[in-house]
1. Extending each Cα 7 Å along its Cβ direction at Glu269 and Asp30, get the distance between those two points in nm, one decimal.
2. Once you put a point 7 Å from the Cα of Ala124 and another 7 Å from the Cα of Arg252, both along the Cβ direction, what distance in nm separates them?
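Please treat every number below as a calculation from the coordinates, not as lab data. Everything quoted here is computed from the prediction, not taken from an experiment. Neighbour counts run over all protein chains shown; Cβ positions are idealised from the backbone, glycine included.
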Amino acid sequence: MSFPSAAVLVEVEGSPPTPPSEPCETFDLDLSILGRPLRLRIHARHGPAGLADLVPLGRRLADEVSERVLGSLRTAGLTVPCRKGCAACCSYLVPLSLPEVCHLARDLSGLPMGVRRPVLGRFAQAAHRIIQAGPPKVPDKPVQLADGRVTSPAGAVGQWYADLHLECPLLQEDACCLYSDRPISCRQHFAHCSPEFCAGFRPGEGKVVPVPLDVSRCLGLLAAALEGRELEAVILSLAMEWLDGNFHRLERTWPAPELVEHFCRIVREQTPAVELAA
């Protein structure tokens, strides 16, 4: 294992271990996800790291959690149609944790110019539409609608965004141009129903699969603790606009082992609370 530019690298138990080639501190993150053990061995290089450096670890953790969720659904005989190339939910509001927003700049810079230029154009167009529409009216508590449905504050924001009819700026020919590096909220979003169900925003109808650990939230909590701020999230479509005014936050660093240790602590705190509520 080498550290060409990554401050943090991760192994999953069962994969062949390779000694790091540079001095590092190693952490074991042991979890129980839906009754199945999950161990990640995390190597943090001695040196500085920023919020974005934790994102590959977060993605790997999210993928491992998702694999256990899908395994549980298959055992129950349920079908999940979610896959690369299905874009039925790609007009939903996608929240990004601050570390993910910071990493998005790296992800986009790695795209070929012929792909990156139109993607950035779509980000600009989406941000213009959102700013023109103005902020949503969010109730302080759940409200019963005329048709009997109940909308929550989060549901109201989701409906506001759905009414804008915006496709994800990363969507190109019904596929995500950053699929392997897609947001964690997308990695952990599944529905056990037909794709036709996902084509419309239908809060409260119960087809979305709950996940036992919200990894994007864990990254957001890490950023909030490190920066001494409230928990924040950024709408994916506004990410480039947000970065224009907050680029200095990409440059802040902390010792990489300190970041990993803090993140592991947050993940452990979040996992049992979610599983008990499921």
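1. Calculated label separation equals 2.2 nm.
2. It is 2.9 nm.
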